[in-house]
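Data first, discussion second: the structure below is written as structure tokens.
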Amino acid sequence: MSPRAISRRVLPGFPLALGYTLVYLSLIVLIPLGAVFLKTATLTWAEFWAIISEPRVVASYRISFGISLIAAAINAVFGLIFAWVLVRYTFPGKRIVDALVDLPFALPTAVAGIALTALYAGNGWLGQWLEPMGVKVAFTPLGILVALTFIGLPFVVRTVQPILEDLDTELEEAAASLGADRWQSFWWVVFPVLVPALLTGFALAFARAVGEYGSVIFIAGNLPMVSEITPLLIITKLEQYDYVGATAIAVVMLVFSFVLLFLINGLQIWANRRHGGI
Amino acid sequence: MAVTVATRWTAHSRRFEASAATREPAWVKGILIVVALAFFSLFLLLPLVTVFAEALRRGWEVYLAALVEPDALSAITLTLLVAVIAVPLNLVFGVAAAWAITKFDFPGKQLLTTLIDLPFSVSPVIAGLIFVLVFGAQGWFGPWLIENNIKIIFAVPGLVLATVFVTFPFVARELIPLMQAQGREEEEAAVVLGAPGWKTFWYVTLPNIKWGLIYGVILCNARAMGEFGAVSVVSGHIRGLTNTMPLHVEILYNEYQFAAAFAVASLLALLALVTLVIKSFVEWRGRQAMNAGQEL
């Protein structure tokens, strides 16, 4: 008999633990999420399409998805630099910097939203310098970019950091002994190892940014067609008691999230395999 | 969030700085540190400082008055109440799910793990919407609830449900990789030697997962107290009744009571800072426990 088969019999609590997990998961997550799809199923395909392809809704996709993509790209670049600096160098205050990287996870989004708005508004600490230069951040799409960059920062840092920490020095030493300069050994030896983690972090930051609401609405200005994000449009429809409209748009976002979740899972399996993990 | 206690440690820099092959020229190092710190100050430090600066802009009296005002107090109480219900629910679930997934083999395990992570990829606004569709006046149970005079949406149960949904994966996703790494042998030995199931869990498993558990709980709690989007949909924004702290911040801000809004926000920012301090401490203890385990 294999050890696996023995352990299944030896340890107690399997029916209870799995049963409880499945019931709780169904009640809190699966059945309520199913409600969105069932509600949408009351629409004909043409009605559904009319709602989700309305110009104001399409403009909101462009804003939500487009700006989230740019924010995730900014985070990928700076997150990599950040992780590199935290792993490879020592400097005063490093522990505090390392701990504060997670601030966007811990700080409530509404607090982040009003703080960023105060900072970038015309009379704010940064806004008073930027506005005379012709750069308006608060109440423009640029403000959305700032908020989404803030929200996504920890994802890239925290996925790349452990991979960098586990990297053996031998690889780079071998590259150097074979005559590679520092940039070559980074680009050809270190960077390829980091790619799966970097892509995972990018996708996580992107997924989070697309759904983000709290930090954006304060700074966005929320002008239809210009700076109105998709989650806000769902709220607007709900406030007009247009449940069907809100739900149809929610389905578009959910399908997108599921596809992204699937991709992220695939990336993580790839990363683990590359990294020689489980 | 995707990173568990077991996989993180610092003091790696010394290893890389020791050899010329893994060291950059001083000017490259300098530029990278300056870029990282500039990004850090711009995106993390400045917003944090702004919260406290704006809160205290009109002096301590205005600050304190904003916190002891009845609506603020009821928002604080409600936030605590919601967290006190939601966090233990997800704690029990997280332990049960991790036990089932890591201690046993069954088909569909990978799918179950993915489904547990699902709430993280759902927009908070949709998290609120789904409960409106189920329990709202026009929802599945709407008519029945109205007949029996039970309020869920625009009332406290709705806030709890939305919060439970958005904080659903926190404890489970910290415990699963940790318990996976620890294997099953210790528990199997205890059971074979005659220990009953719950004793095995209490004396064998729990001490091993203690730090991961605390880590998951504090992250879960921070999100539960700070959630905005999901509760905003189900709250109805009734002052003194269904306003949590983040919603109270929004109302004050939209009424141009900036000092008061930032005063309440500063409490939430303090909560975030305390969370990060505990998190760093737990990570440090987790590393110590792991190092001690390796020496044995």
Worksheet, complete the sentence: Quick calc, residue A:136 & residue B:146: beta-carbon distance into FRET formula, R0 56 Å, rounding 0.05, result 0.75
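Tell me, what % of the accessible area of chain A is carbon and sulfur with a 1.4 angstrom probe? Could the numbers behind the result be given before it?
On the way: 8350 of 11820 Å².
Solvent-exposed carbon and sulfur of chain A make up 71 percent of the total.
R0 = 60 Å: FRET efficiency of residue A:240 with residue B:31, Cβ-based, nearest 0.05? If you can, show how the numbers build up before the last one.
Details: r = 52 Å, r/R0 = 0.86.
The value I calculate is 0.70.
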Item to complete: Report the one residue of B:141, B:222, B:65 whose Cα lies farthest in the direction of the positive end of the charge dipole of chain B (charges on C-beta: Lys and Arg +1, Asp and Glu -1; origin at the Cα centre).
Response: B:222
Worksheet item: In chain A, with Lys and Arg counted as +1 and Asp and Glu as -1 at Cβ, which of these residues, A:28, A:236, A:188, has the Cα nearest the positive end of the dipole, that is, farthest along it?
Response: A:28
Worksheet, complete the sentence: Per DSSP, the loop-located chymotrypsin sites (Phe, Trp or Tyr not before Pro) within segment A:222-259 having at most 13 other beta carbons within 10 Å are A:241
Fill in: Computed FRET value (nearest 0.05) for residue A:65 with residue B:192, which takes r as the C-beta separation and R₀ as 51 Å
0.40
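Treating the beta-carbon of each Lys and Arg as +1 and of each Asp and Glu as -1, no other charges, what is the dipole magnitude of segment A:150-243 about its Cα centre, to the nearest 20 debye?
Numbers: 4 positive and 11 negative charges, 77 e Å.
With only Lys, Arg, Asp and Glu charged at Cβ, the dipole is about 380 debye.
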Worksheet, complete the sentence: Farthest towards the positive end of the dipole of chain A, among A:10, A:125, A:254 and with Cβ unit charges of +1 on Lys and Arg and -1 on Asp and Glu, lies the Cα of A:10
Practice prompt. State the Cα centre-to-centre distance between segment A:159-217 and segment B:242-267 in whole Å.
Written response: 39 Å
Worksheet entry | segment B:226-279: GluC sites (Glu not before Pro) in DSSP coil with no more than 13 other Cβ atoms inside 10 Å | B:255
Worksheet entry | Those residues of segment B:253-296 for which accessible area with every protein chain present is at least 40 Å² below the isolated value (1.4 Å probe) | B:253, B:262, B:272, B:276
Item to complete: Output the relative contact order of segment A:43-276, whole-number percent, from Cα pairs under 8 angstrom with separation of 6+ residues.
Response: 31 percent
Discussion item. If you roll a 1.4 angstrom probe over the protein chains with everything in place, what fraction of the accessible area of chain B belongs to carbon and sulfur, to the nearest %?
Written reply: 68 percent
Practice prompt. Quote the charge dipole size of the protein assembly as shown about the Cα centre in Debye, to the nearest 20; the model charges only the Cβ of Lys and Arg (+1) and of Asp and Glu (-1).
Written response: 660 debye
Worksheet item: Ignoring ligands, DNA and RNA, what accessible area per residue does chain B give at 1.4 Å, in Å²?
Response: 43 Å²
Response to the item:
Note to self, chain B gives a 222 nm [θ] from helices alone (DSSP H runs n ≥ 4, -39500 (n - 2.57) apiece, / all residues, nearest 500) of -23000 deg cm²/dmol
Item to complete: Please name the residues of segment A:207-221 whose accessible area, counted over protein heavy atoms with a 1.4 angstrom probe, falls by no less than 30 Å² between the chain alone and the full protein assembly.
Response: A:211, A:213, A:218
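How much area per residue is accessible in chain A when the probe is 1.4 Å and only protein heavy atoms are counted (Å²)? Before the final figure, lay out the partial values.
Numbers: 11820 Å² over 278 residues.
It amounts to 43 Å² per residue over chain A.
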Worksheet item: How would B:179, A:225 line up by accessible area, probe 1.4 Å, largest first?
Response: A:225, B:179
Practice prompt. Name the lysines eligible as straight-distance cross-link partners of residue B:29: C-alpha to C-alpha under 22 Å, and not fewer than 8 places from it in the same chain.
Written response: A:94
Worksheet item: For chain B, what does the alpha-carbon gyration tensor say about shape, rounded, prolate or oblate, given a ≥ b ≥ c as the root eigenvalues, a/c under 1.5 as rounded, and a/b over b/c as prolate?
Response: oblate
Worksheet item: So, with +1 on the Cβ of K and R and -1 on the Cβ of D and E, and no other charges, what is the size of the charge dipole of chain A about its Cα centre, to the nearest 20 debye?
Response: 560 debye
Worksheet item: segment A:174-245: which GluC sites (Glu not before Pro) are DSSP loop and have at most 16 other beta-carbon atoms within 10 angstrom?
Response: none
Item to complete: Provide the buried accessible surface between chains A and B in square angstrom, both chains summed, 1.4 Å probe, rounded to the nearest 100.
Response: 9400 Å²
Practice prompt. Return the calculated 222 nm mean residue ellipticity for chain A, to the nearest 500 deg cm²/dmol, obtained by summing -39500 (n - 2.57) across DSSP H runs with n ≥ 4 and dividing by the residue count.
Written response: -24000 deg cm²/dmol
Discussion item. For the pairs A:237/B:151; B:199/B:279; A:39/B:151; A:39/A:237, flag any whose C-alpha to C-alpha distance is greater than 26 Å.
Written reply: B:199/B:279
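Starting from the Cα-Cα distance between residue A:270 and residue A:53, subtract it from 0.36 nm times their residue separation and give me the gain in nm to one decimal. Before the final figure, lay out the partial values.
Numbers: separation 217, 0.36 × 217 = 78.12 nm, distance 3.54 nm.
Full extension from residue A:270 to residue A:53 adds 74.6 nm.
The values are calculated or read from the model by the stated rules, or taken from the named source; none is laboratory data. If you're wondering where the values come from, they're calculated on a predicted model, not measured in any experiment. Glycine gets a Cβ as well: all are built from the backbone with ideal geometry, and neighbour counts include every protein chain shown. For accessibility, only protein heavy atoms count, side chains too; no ligands or nucleic acids. Shrake-Rupley method; radii C 1.70, N 1.55, O 1.52, S 1.80 Å.
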